[in-house]
């Protein structure tokens, strides 16, 4: 409704208003309504208005756990007609969720009929299903008829509804809640009520207890569908301390032997909030897309319980590696968010810590206790007044009878004769004749004494905060006993574990179907991978004017390392290279090779292997291949070159001696130990040159001698004795090579 100052005068429709101000006012009103009346739960009872109204309507219909069921349509109709004027389907959906034991850790509605399932199937229509409250719901409503909470008028003013429920149950944390408001949201996972009770009792004794202390009692959420929490304790503690975080939840699984070393993986619990049918479909899609090479088949053998069967590709497949793949690619592992954004005292949105949320519930329980005690005191006071009147009547029974029989205004006469109050006189006049027996007088005196004692107890309770917390402690202890770890509903379902220390590299490799390929790189930088290890490369597979530069036999699970003249090493993956039927793609589209630079070498990465990298002027060092892996397109700078210098060689280390030959056709042999091992740098001088630079280098075992192959394919071997005149120290000039050394100055002609 518009404000008075924005309304046009009568008969004037052209009054100018501030549109920005009007929009701000109306949007703020809408936002506050959404936050408080729809999306965020109350910290005290953990309920949103629709759920509160459903339970209140069910109470008025006397749908207690020990009573019969009523049609859900009747409940929805009462909720709409009296309390919640919204769509019937939205109200029924809320009712259905309260009855689903896979959605709520402690269901509030006992449903009879089809209320949906974990596969995501919808519930039957409301005219077919029946409902009544559970014991948990009655605990939430406990004392509501004893002025435990305040009421407010309903939307039409014809009735009243509770602002909040008494909540003798920590429903916010026990059942959790989710919701999206305007500019804010909430997500509270469910917890174990016995653990919450233990934490609440500790908080009563230690009001300043930290979230870390409370974690000794509440180690983490407890989901209705079970599963295993693999979040580390530090992250959980931080989430509970700040009210924001997430929990890493995995499915529960085990292996079943089928004989001869063959096994199956059986998933018996899936993460909270995941539809089983959609989960199976997703795994099947991954299987068809060849993204799970270790998995052969998936099938759903579930009945009342969950049983997803995963059949590995072979009995040699490691089940841990297979499951780690599935956890990474499917909803068998999820992150459950924690955003403890709730309404503090029903009005103000606030992100609470675990301790603050429990304290809000405890303070509410204290308010409820005081209100109920005062209500009981009022009842006792009225009853004691009536009982005092009865006792006066018994002491003066004959006179009372005479007044009633003879006086015209018996009520006024009784009040005047015995100094009675109006309620006392009214009670005496309404007394039945059978109550006049002597035995009744004795009962009245006993009742008067009992009520007087109860009144004294309640007065003492209201006068002492310590006694109030003692009473609340008794209530919480009884609640814990009812839902303790030994009870069917109270037993913890979600366990804790550490995620296995599976090698991430091994998992990534296992995601690729292993098969042999031949990687072909042309002179102009076009790259492709053909299946199998090709013996010969067809020259027709290259563009006009292009030809073969490198042909590498590898497997799809390998990594390829490529050195450029700028001293950078790039990483390529054979499984991501274009197929062999095409002419490939420019390798520069896959990695960022700087302008003017060329490719020096391409080889398969081998963990632990060492290589000697060298510039064209003969500076180099030893580097581990593990240090050459690049994680980005830009590559990894390994050999520092400056000016006109370029990277020239990256030769594998396979011995204890180095042989290097320059473009000046001089050979030098020196111990490998004289070269430093580095991860990056310029290196040291390998051989001294007047003109030119390094042409080739090779490492070999001194005991086996130096071997080279000429252009005709002939192999020559020189022992260390025969190489005596070429032996020297690193950075010397060397001498002309022995007879038979290839004219191209390469160890492989």
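The values are calculated or read from the model by the stated rules, or taken from the named source; none is laboratory data. Given the structure is predicted, the values throughout are model-derived calculations rather than measurements. All Cβ positions, glycine included, derive from the backbone under ideal geometry; neighbour counts span all protein chains shown.
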Inset, instruction - Take the stretch 152-166 and flag every residue that is touching a helix residue (DSSP H, G or I) at 6+ places or on another chain (Cβ under 7 Å) and either assigned to a strand (DSSP E or B) or over 18 Å from residue 83 (Cβ atoms) (or both). - result: 161, 162
Legend entry - Residue satisfying condition, being buried (at least 20 other Cβ atoms within 10 Å of the Cβ) and not in a strand (DSSP E or B), within set 732, 687: 687
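Could you tell me how many of the residues in the stretch 478-489 are assigned to a helix (DSSP H, G or I) and surrounded by fewer than 13 Cβ atoms within 10 Å (Cβ to Cβ)?
At the first step, the residues of the stretch 478-489 found to be assigned to a helix (DSSP H, G or I) are 478-482.
Filter once more, keeping what is surrounded by fewer than 13 Cβ atoms within 10 Å (Cβ to Cβ): 478.
Matching residues across the stretch 478-489 total 1.
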Inset, instruction - Check off (1) touching a helix residue (DSSP H, G or I) at 6+ places or on another chain (Cβ under 8 Å); (2) outside any loop (DSSP other than H, G, I, E, B); (3) more than 23 Å from residue 193 (Cβ to Cβ) for residue 241 and give me the number that stays unchecked. - result: (3)
Inset, instruction - Can you tell me which residue within the stretch 430-444, out of those that are assigned to a helix (DSSP H, G or I) and surrounded by 14 or more Cβ atoms within 10 Å (Cβ to Cβ), is farthest from the chain's Cα centre (by Cα)? - result: 436
Legend entry - Residue that is assigned by TED's automatic domain parsing to the domain that holds residue 327 and either at positive phi or crowded, with 20+ Cβ neighbours inside 10 Å (or both), where the choices are 262, 230, 218: 218
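Conditions tested, residue by residue: (1) closer than 30 Å to residue 373 by Cβ; (2) part of a helix (DSSP H, G or I); (3) in contact (Cβ under 8 Å) with a residue 12 or more places away in the chain.
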site	(1), (2), (3)
401	no, yes, no
404	no, yes, yes
449	yes, yes, no
457	yes, yes, no
461	yes, yes, yes
467	yes, yes, no
474	yes, yes, no
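On the basis of being under 18 Å from the mean Cα position of the chain (by Cα), part of a loop (DSSP other than H, G, I, E, B) and surrounded by 17 or more Cβ atoms within 10 Å (Cβ to Cβ), does residue 324 make the cut?
Values: under 18 Å from the mean Cα position of the chain (by Cα): yes; part of a loop (DSSP other than H, G, I, E, B): no; surrounded by 17 or more Cβ atoms within 10 Å (Cβ to Cβ): yes.
When the stated conditions are applied, residue 324 does not pass them.
Each row is one residue, and each column tells you yes or no for (1) surrounded by 24 or more Cβ atoms within 10 Å (Cβ to Cβ); (2) in the same structural domain as residue 371 (by TED's automatic domain parsing); (3) in contact (Cβ under 8 Å) with a residue 24 or more places away in the chain; (4) out of contact with any strand residue (DSSP E or B) (no Cβ under 9 Å at 6 or more places or on another chain).
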site: 160; (1), (2), (3), (4): no, no, no, no
site: 163; (1), (2), (3), (4): no, no, yes, no
site: 175; (1), (2), (3), (4): yes, no, yes, no
site: 178; (1), (2), (3), (4): no, no, no, no
site: 191; (1), (2), (3), (4): yes, no, yes, yes
site: 196; (1), (2), (3), (4): yes, no, yes, yes
site: 200; (1), (2), (3), (4): yes, no, yes, yes
site: 204; (1), (2), (3), (4): no, no, yes, yes
Legend entry - Tally, over the stretch 635-683, of residues that are farther than 19 Å from residue 607 by Cβ and assigned to a strand (DSSP E or B): 17
Legend entry - Tabulated pairs, the stretch 103-126, first without any contact (Cβ under 8 Å) to a residue 12 or more places away in the chain, second assigned to a loop (DSSP other than H, G, I, E, B) and buried (at least 18 other Cβ atoms within 10 Å of the Cβ), C-beta under 8 angstrom, 6+ apart or interchain: 122/116; 124/115
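Taking the conditions exactly as written (farther than 30 Å from residue 474 by Cα and modelled with pLDDT under 95), does residue 256 satisfy them or not?
Working: farther than 30 Å from residue 474 by Cα: yes; modelled with pLDDT under 95: yes.
Yes: the conditions hold for residue 256.
Can you tell me which residue among 412, 416, 359 is under 60 Å from the mean Cα position of the chain (by Cα) and in a helix (DSSP H, G or I)?
Numbers: 412 fails: under 60 Å from the mean Cα position of the chain (by Cα); 416 fails: under 60 Å from the mean Cα position of the chain (by Cα).
Checking each option against the conditions leaves just 359.
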Inset, instruction - Consider residue 393 carefully, then state whether it is touching a helix residue (DSSP H, G or I) at 6+ places or on another chain (Cβ under 9 Å) and closer than 30 Å to residue 417 by Cα. - result: yes
Inset, instruction - Filter the stretch 619-654 for residues that are modelled with pLDDT of 90 or more and on the phi > 0 side of the Ramachandran plot and give the result. - result: 635
Inset, instruction - Could you grab me the full set of residues in the stretch 46-105 that are closer than 24 Å to residue 347 by Cβ and part of a loop (DSSP other than H, G, I, E, B)? - result: 46, 47, 48, 84, 85, 86
